[in-house]
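The structure appears below as structure tokens.
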Amino acid sequence: MTAAALIVAAGRGTRASTDGSPVKQYAALGGKPVLAHSIERLAANPLIDRIQCVIHPDDAALYQTAVEAASRKLLLPVNGGATRQASVLAGLRALSAAPPDHVLIHDAARPLLASDVVDRIISALSEVSAAIAGQPLADTLKRASPDGRVEATVSRNGLWRAQTPQGFSFPKILAAHEKAAAAGLADFTDDAAVAEWAGMEVRMVAGSPDNLKITTAEDLAMAEALLGRAGAGLETRNGTGFDVHRLVEGDGLWLCGLKIPHTHRLEGHSDADVALHAVTDALLGAIGAGDIGQHFPPTDARWKNAASHTFLAHAAALLAQRGGRIVNVDVTILAEAPKIAPHREAMCRRVAEILGIDTVRVSVKATTTEGLGFTGRREGIAAIASTNVELRARN
Ligand code: MG
């Protein structure tokens with residue numbers, strides 16, 4: 001048995017547009033177009049072997065951008081018609097070049113499709129020739145006059161809200177659509193209605209409450225919230241950093257972006273801020289972007305006496321470019337002297353400021369090493385840092 005997906009993305013609704021893109025199926029959701037989500041969700045199901053999109057001819061460029069990283073299951077798009085029904089027919093005709101056994105017709109504007117819904121539809125198609133996703137109505141229904149006066153309570157018994165995908169025997173739904181088009185009927189609001197009109201038996205299967213259709217900006221906000229709740233492919237990555245600089249006689253040292261009075265200074269090519277170097281390496285580590293020496297080689301005269309906040313800000317910018325965010329940063333300074341406690345809060349604030357994050361996400365602490373080792377002998381200061389960042393899994 002083969003099953004194709006047909007995604008209808010040719011509509012012209014403009015209500016959900018918040019980012020200047022002309023139509024809802026190309027609006028940004030979780031950092032990528034709504035349509036890209038719909039394609040990915042269907043492509044992820046092993047039972048779907050190809051995906052046919054139907055688009056508006058004006059959207060060819062938007063479509064190309066949306067499917068840049070798309071599945072190899074994706075066929076070349078075809079242009080839709082004046083109505084949704086005409087667009088579906090165009091897609092079905094395109095698929096008929098190599099007809100699948102089943103087709104799941106899906107609205108591009110339902111990007112939160114869950115794989116188990118697809119499974120249930122395909123499973124039902126082994127018994128019936130039409131199976132559609134839906135949700136039984138949970139709200140009490142009222143019929144009201146235009147001024148809001150309730151005229152009746154309508155029984156919700158047996159009532160469902162139809163969603164997509166709607167799955168069909170491919171030859172039967174193609175024949176039904178052809179027949180409806182030949183009869184000049186163009187007002188069916190979903191494909192199940194076409195099937196019902198053609199005399200096919202249609203079965204409801206459980207959809208999902210998250211499988212909402214994005215029509216308004218509020219729907220888009222709701223979808224963002226649902227994506228956020230699910231984690232939506234976000235993952236947390238950890239990075240660690242370690243650094244050491246030698247103490248030499250001087251007039252104070254840089255730690256966590258602050259100049260601390262001291263009898264000594266830290267020696268280095270830059271300002272030798274050992275703590276910021278460790279944090280920078282932790283961030284670079286979390287995103288797999290090498291280490292501080294690669295980005296700012298000590299052999300490069302540009303970084304002579306450089307202020308280390310530049311290095312840290314660069315690492316934060318690399319993370320931001322990948323669409324990531326810092327969850328927390330924790331740094332431990334290993335030193336016998338100077339005392340860190342009096343500067344701790346100011347250091348947290350300064351690191352947070354450089355990273356552009358809330359101070360509560362930054363921890364600075366210090367320890368001596370009980371007189372042991374190079375730090376105990378006051379020959380140098382070491383710093384250990386750890387960070388967690390949140391990134392989309394594909395970045
Ligand atoms: Mg260093």
**Q.** All positions within region 3-20 that are modelled with pLDDT under 90 and within 17 Å of Lys213 (Cβ to Cβ)
**A.** Gly11, Arg12, Gly13, Thr14, Arg15, Ala16, Ser17, Thr18
Q) Could you count how many residues in region 129-145 are farther than 23 Å from Asn211 by Cα and part of a loop (DSSP other than H, G, I, E, B)? A) 1
(Q) Tell me which strands (runs of 3 or more DSSP E) are completely within region 146-220 and hold 3 or more residues being under 30 Å from Leu29 (Cβ atoms) and within 34 Å of the chain's Cα centre (by Cα), or say none if there are none. (A) 160-169, 203-206
Q) For region 244-258, what are the residues that are free of Cβ contacts under 8 Å to residues at least 60 places away in the same chain and closer than 11 Å to Leu276 by Cβ? A) Trp254
Q: Kindly establish whether Ala316 is more than 16 Å from the ligand (Cβ to nearest atom), in a helix (DSSP H, G or I) and either among the polar types (S, T, N, Q) or touching a residue at least 12 places away in the same chain (Cβ under 8 Å) (or both).
A: yes
Q.
Name the single residue that is surrounded by the fewest Cβ atoms within 10 Å (Cβ to Cβ) among those in region 281-312 being hydrophobic (A, V, I, L, M, F, W, C) and touching a helix residue (DSSP H, G or I) at 6+ places or on another chain (Cβ under 6 Å).
A. Ala289
Q: Please work out if Val117 is among the β-branched types (Val, Ile, Thr) and under 28 Å from the mean Cα position of the chain (by Cα).
A: yes
Q.
Looking for something closer than 13 Å to Leu255 by Cβ and out of contact with any helix residue (DSSP H, G or I) (no Cβ under 7 Å at 6 or more places or on another chain) - is there at least one such residue anywhere in region 325-337?
A. yes
Q. Do you know which residues across region 236-280 are assigned to a strand (DSSP E or B), surrounded by fewer than 15 Cβ atoms within 10 Å (Cβ to Cβ) and away from the ligand (no atom under 14 Å from the Cβ)?
A. Thr236, Asn238, Thr240, Val248, Glu249, Lys259
Q: Tell me which residues, restricted to region 367-384, are surrounded by fewer than 18 Cβ atoms within 10 Å (Cβ to Cβ), under 19 Å from Leu253 (Cα atoms) and out of contact with any Ser or Thr (no Cβ under 7 Å at 6 or more places or on another chain).
A: Thr368, Phe374, Arg377, Arg378, Glu379
Q) Do you know which residues across region 112-134 are buried (at least 16 other Cβ atoms within 10 Å of the Cβ) and either at pLDDT 95 or above or farther than 28 Å from Val23 by Cα (or both)? A) Arg120, Ile121, Ile122, Ala124, Leu125, Ser129, Ala130, Ala131, Ile132, Ala133, Gly134
Q. Inside region 218-229, can you point out the residues that are free of Cβ contacts under 8 Å to residues at least 12 places away in the same chain and either buried (at least 17 other Cβ atoms within 10 Å of the Cβ) or of a type in the set (A, V, I, L, M, F, W, C) (or both)?
A. Ala221, Met222, Ala225
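Results for (1) closer than 30 Å to Leu391 by Cα; (2) of a type in the set (Gly, Ala, Ser), shown as yes or no for each residue.
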site: Ala182; (1), (2): no, yes
site: Ala186; (1), (2): no, yes
site: Ala195; (1), (2): no, yes
site: Met200; (1), (2): no, no
site: Asn211; (1), (2): yes, no
site: Ile214; (1), (2): yes, no
site: Ala221; (1), (2): yes, yes
site: Leu227; (1), (2): yes, no
site: Gly241; (1), (2): yes, yes
Q. How many of the residues making up region 281-305 are away from the ligand (no atom under 11 Å from the Cβ), part of a loop (DSSP other than H, G, I, E, B) and not polar (S, T, N, Q)?
A. 7
(Q) So if I check each of Thr375, Thr369, which one is over 40 Å from the mean Cα position of the chain (by Cα), assigned to a loop (DSSP other than H, G, I, E, B) and not basic (Lys, Arg)? (A) Thr369
Q: Being of a type in the set (S, T, N, Q) and not in a helix (DSSP H, G or I) is the filter; apply it to region 319-344 and report the residue that is farthest from the ligand (Cβ to nearest atom).
A: Asn328
Q. Quick check, is Ile326 over 15 Å from Ala366 (Cβ atoms) and modelled with pLDDT of 90 or more?
A. yes
Q: Taking the residues in region 164-205 that are aromatic (Phe, Trp, Tyr) and in contact with a strand residue (DSSP E or B) (Cβ under 6 Å, 6 or more places away or on another chain) as candidates, determine which candidate is farthest from Asp101 (Cα to Cα).
A: Phe168
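The values are calculated or read from the model by the stated rules, or taken from the named source; none is laboratory data. Source: prediction; values computed, not measured. No Cβ is skipped: glycine too gets one built from the backbone with ideal geometry, and neighbour counts run over all protein chains shown.
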